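One structure below.
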Amino acid sequence: MRARMRAVAVTAPHALFSLPSTPSASASSSSTAINFDSVSRFRRLGLFRFRARVRHRKPILNAASSAGAVEVGFREIQEKCSKWQWKGHTISYLVVHPPQARSSDPPVLLVHGFGASIAHWRRNIMILAESQTVYAIDLLGFGASDKPSGFAYTMEIWAQLILDFLDEIVRKPTVLIGNSVGSLACVIAASESTNALVRGLVLLNCAGGMNNKAVVDDWRIKLLLPLLWLFDFLLKQRGIASSIFERVKQRDNLRNILLSVYGNKESVDEDLLQIIKEPADDEGALDAFVSIVTGPPGPNPVQLMPRLSLPILVLWGNQDPFTPLDGPVGKYFASLPSQQPNISLFILEGVGHCPHDDRPDLVHEKLIPWLASLPTS
């Protein structure tokens, strides 16, 4: 119990809230898209590694009925990412085109959570790309995107980044799919969109805010609040913050943290550790960590969700230790389908805070038919 409390105390600040279109002039001239038809060629060249997780002998590439995932390796994703210049910062993104795109199929944009990156969608990208163009983005401060020193991160900045990406790169009404704090960034972006570029939302264990300050009405957070205040104070001391950050990102510590976050322990593999650890070694990663943990929580989804009339799918892992179903954020989202007819909710049994990587089969089972059911534009 004491070990688990230590894990929660360290990880709660990030996990409570909590991887061809024509590029714009601001996009890098070296922008590279993946064409789904070229996958077999990429495989022969060693650019993609596929790991089939098959249950009940179902065909792995039948997206509508697949019980597994087609996994893309961390390095392969890195090699195929493109760069986009946004407000003086370099943002990393990935685009994968389907074999036969229909004009009625909206593209999707995948937005990761705290500490993650484009590669955290390794088990979802190719399945989704069977039917529609898939974009994924590294938020500022994470993955291969810039991590500017001394930058003050906010939820609103990430939401604006998403909106500008839709406007400059995607240029079509898009379904936003987010996990944890990435979900909340998508909610904020949708609530602020004025040009109809957000077609729908998919929220995977949505965050209540950028950090713990957003959910003080949860008795579990109240219990830990003095410790969290102390943690904030310590993080503002550079030497102490560096020591804490170095300890948190040690491989064994990361593995233990992830095992406490995932319901399916087999999904916590070496690639996942590398996905989380490698960007944390970048210059500026410590500044991002401190700014996000100690900064303002940002807009609350309780105020934002009633404003949204677009189609929304909510998927929630019932073993999430950070945004539990019986906590205020989980209870609120669980109540929404009875209040807003545009919202569908599915509880995923035995799944933790990151459903898309934890149990991609359960996510695809709900997500793919929902995407197919969206009304044509």
For this session: Test each condition in (1) buried (at least 20 other Cβ atoms within 10 Å of the Cβ); (2) closer than 23 Å to Glu71 by Cα for Glu266 and report the one that comes out false.
Result: (1)
Problem set entry | Every residue from the stretch 143-158 that is in a loop (DSSP other than H, G, I, E, B) and farther than 24 Å from Arg171 by Cβ | Lys147, Pro148, Ser149, Gly150, Phe151, Ala152, Tyr153, Thr154
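Just the residues that are among the charged types (D, E, K, R) and surrounded by fewer than 22 Cβ atoms within 10 Å (Cβ to Cβ), please, taken from the stretch 147-161.
Within the stretch 147-161, just Glu156 meets the criteria.
Which residues, taken from the stretch 100-130, are charged (D, E, K, R) and on the phi > 0 side of the Ramachandran plot?
None; the set is empty.
Would a scan of the stretch 81-92 turn up a residue that is part of a helix (DSSP H, G or I), of a type in the set (S, T, N, Q) and open to solvent by 40 Å² or more (accessible area, probe 1.4 Å)?
For the stretch 81-92, residues part of a helix (DSSP H, G or I), of a type in the set (S, T, N, Q) and open to solvent by 40 Å² or more (accessible area, probe 1.4 Å): absent.
Among the residues of the stretch 97-135, write down those that are in a strand (DSSP E or B) and either buried (at least 24 other Cβ atoms within 10 Å of the Cβ) or within 16 Å of the chain's Cα centre (by Cα) (or both). Let's see the steps before the verdict.
From the stretch 97-135, those in a strand (DSSP E or B) are 97, 108-111, 134-135; that's our starting set.
Val108, Leu109, Leu110, Val111, Val134, Tyr135 - these are the residues of the stretch 97-135 that are in a strand (DSSP E or B) and either buried (at least 24 other Cβ atoms within 10 Å of the Cβ) or within 16 Å of the chain's Cα centre (by Cα) (or both).
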Exercise. Are there any pairs with C-beta distances below 6 angstrom linking a residue in the stretch 237-265 that is under 25 Å from Asp357 (Cα atoms) to a residue that is part of a helix (DSSP H, G or I) and of a type in the set (Asp, Glu), with the two at least 6 apart or on different chains, and if so which?
Worked result: Tyr262/Asp358; Gly263/Asp358; Asn264/Asp358
Seminar exercise, completed: Only one of Val181, Val170, Val175, Val198 is within 20 Å of Trp370 (Cα to Cα), at pLDDT 95 or above, open to solvent by less than 10 Å² (accessible area, probe 1.4 Å) and hydrophobic (A, V, I, L, M, F, W, C), namely Val175
Exercise. Looking only at the stretch 310-347, which residues are in contact with a Gly (Cβ under 8 Å, 6 or more places away or on another chain) and of a type in the set (Gly, Ala, Ser)?
Worked result: Gly317
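The values are calculated or read from the model by the stated rules, or taken from the named source; none is laboratory data. What you see is a predicted model; the values in this text were computed from it and never measured. Cβ coordinates were reconstructed from backbone atoms using ideal geometry, including for glycine residues, and neighbour counts include every protein chain displayed. With ligands, DNA and RNA removed, areas are computed over all heavy atoms of the protein, side chains included. Shrake-Rupley method; radii C 1.70, N 1.55, O 1.52, S 1.80 Å.
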